[in-house]
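Only one structure is covered here, and it is reproduced in the block below.
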Amino acid sequence: LPTPPARLPYVPHLPPMALLGKVTATTFALETPLCVFDGHADASDAVWLAVAFANASATFRNPRSRADVPPYRRLPTARSYMTLETAAAAYSCSAPSPPVLRVGADTACRDQGRQDPCNGPLPSPGPYRVKFLLMGCRGPKAETRWSEPILLRRAVSPGSIDPAPTRHGSDVVVIASILASLGAVLATAVLGALGAKVWGSLCHQDLGTDAFTRRSYRTHHIPPALPQPLPPGCGCSPPGLCRSA
Amino acid sequence: MAKSDDCVHILQGLLVFGNVVIGMCGIALTAECIYFVSNPHGLYPLLKVTESNGIYTAAWIGIFVGLALFALSILGIIGVIKASRTLLLVYIILMLITFAFEMASCITAAAHQDSLTPSLFLKQMLERYQNSDPANNTDNEVTKTWDELMLQNHCCGVLGPSDWQEYTSAFRRTHKDADYPWPRKCCVLDAQGLPVNLDGCKLGVPGYYNSNGCYDAISGPVNTHAWGVAWFGFAILCWTFCVLLGTMFYWSGIEY
């Protein structure tokens, strides 16, 4: 009987740094397990990632050899698969590996149905649990613990977006009310002025006490009275000296 | 007599001054509205499909109202100086009509400006961006406008790249989530238009993608213009109101 694989205390987890694409609808990222397998791995060993639905992780059985590795395309039926086969040397402490592994990044392999370990996109939001498995020539040599359940993003339909404005602006009310009142005042003023003029011309009233344009004034010229000649009955040749006859 | 002469001259002077200001403001309003209608920021396709076209309608009305104000102000100046009742009556009536049109324009601009919320643009973007139906011309225009917007302003989506993750979209129907968590235009691009680091962009590593949303780049110019049309028009109308009242008072005092 082969020896059971060593249980390492490492727990796979999402990268701690702020990455917007850490978890998307069909992929997720894991922190690279650097230094985890040092001391257990030989140069020829490979590290696999086992991905299983969270409720199927308890029933996952480690494959006895590379030929028994559950492939990606059987995920819906087997409820688990293994992928991301990497040389163990890539995860050693001194290796210049990228700090993050992306699960589900390869969209091409799903369509081609290759037999290679396919890192295809995950078909459903999960949740999933993962663990790393160190496989040697004679079977699994070491394994990490299962991760916490990883739930992928679920997108909602844009029909749920309500485009109506949250506050109906006070700007509109202010402008509309002020303009409406101005308009009403103007209309009233015009009607009032026109009405007053029509009324005045109908009643023949003189309205122009303070006329703005100057009219020409024709004054009525009253000449002073001329002196009248005296009546002939007096007969005084020098005026004022009368002799009675 | 001399005092009322002075009063008349003062009133005439004020009315001429008022009309000069109206004329100049009319020209300014026309210029502003022409600038807005000429689509300087390339945002017209986005506004057209949101059915929030009121701002453009208001701007078009503003162009003609501005020219009308200029012409009427000249008529008003001539009428005041010649103290002609007929001219001034024509002036008052035409000014009232122009007042009504400008009132409509202001209220329309103010009302539609309020409706330009982020949700409105978000919904439109998700439903139309990269909508693969080739016969639909407006959606192609929307796609081109968004691409230009994201490229020039180094922004992504309306509120951020997570818009593409939180909602399904027409884009998502043709572009797989694993390859395109968000459009390529959201990535930091080099001189040839290719992403500097594609994997970094897909993962959302800061520095390789544009993390801010485009809403500010859209709403900023549109709001400025809408405010210009609405509030400048409102100011012109308040001034016109005073000038019209003065003209009516002057008109009622002219005797034949």
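Tally Lys/Arg at +1 and Asp/Glu at -1 over every other residue whose Cβ is under 11 Å from the Cβ of B:F234; what's the total?
So the environment of B:F234 carries a net charge of -2.
Might you report the magnitude of the Cβ-based charge dipole of segment A:11-155 about its Cα centre, with Lys and Arg at +1 and Asp and Glu at -1, to the nearest 20 debye?
Details: 17 positive and 11 negative charges, 109 e Å.
Here segment A:11-155 has a charge dipole of around 520 debye.
Mind giving me the nanometre distance, one decimal, between the label points for A:A193 and B:S119, set 7 Å out from Cα along Cα→Cβ?
Roughly 4.8 nm, to one decimal.
Determine the shielding of peptide B:107-120 by partner chains: average, over its residues, the number of Cβ atoms on other chains within 10 angstrom of each Cβ.
Mean partner shielding for this stretch: 5.
At 7 Å along Cα-to-Cβ for each site, give me the label-to-label distance between B:I81 and B:N140 in nm.
5.7
Roughly how large, in nm² to one decimal, is the mean projection of the convex hull of the alpha-carbon atoms in segment B:118-213?
For segment B:118-213, averaging the hull's shadow over all directions gives 5.9 nm².
Nearest 20 debye, what's the magnitude of the dipole of segment B:118-213 about its Cα centre given +1 on Lys and Arg Cβ and -1 on Asp and Glu Cβ? Let's see the in-between values first.
Values: 9 positive and 12 negative charges, 17 e Å.
Using only the charged Cβ atoms, the result is roughly 80 debye.
Net charge within 15 Å of A:A78 by Cβ-Cβ distance, Lys/Arg positive one each and Asp/Glu negative one each, not counting A:A78 itself?
On the way: positive: A:R61, A:R73, A:R74, A:R79, A:R129; negative: A:D68.
Overall, the nearby charge balance is +4.
Can you give me the distance in nm between label points at B:A191 and B:I74, each placed 7 Å from the Cα along the Cα-to-Cβ direction?
5.5
B:A31 label point, 7 Å along Cα→Cβ, cut-off 19 Å on backbone N: hits in segment B:45-72?
Residues B:59-72 fall inside that zone.
With no other cysteine's Cβ closer than 4.7 Å, which Cys residues of chain B count as lacking a disulfide-compatible partner?
Isolated Cys, chain B: B:C7, B:C25, B:C33, B:C106, B:C238, B:C242.
Running a GNM on chain B with Cα contacts under 10 Å, which residue among B:I93, B:I236, B:I61 ends up with the highest mean-square fluctuation?
Of the options given, B:I93 has the highest mean-square fluctuation.
Tell me, what is a quarter of the convex hull surface for the C-alpha atoms of the protein assembly as shown, in nm² with one decimal?
On the way: hull surface 171.7 nm².
The directionally averaged projection comes out at 42.9 nm².
Given a Förster distance of 51 Å, report the FRET efficiency between B:D216 and A:L34 from their Cβ-Cβ distance, rounded to the nearest 0.05.
Numbers: r = 41 Å, r/R0 = 0.79.
Between B:D216 and A:L34 the formula returns 0.80.
For chain B, take the convex hull of the Cα atoms, compute a quarter of its surface area, and give me that in nm², please.
Values: hull surface 69.0 nm².
Value for chain B: 17.2 nm².
P(r) tail for segment A:1-143, what percent of Cα pairs lie past 19 Å?
The calculated P(r) of segment A:1-143 puts 51 percent of pairs beyond 19 Å.
No value in this document is a laboratory result; all are computed from the given coordinates. A quick note: this is a predicted structure, and the numbers were derived from the prediction, not measured. Ideal geometry is used to build each Cβ from the backbone, glycine not excepted, and the neighbour counts take in all protein chains shown.
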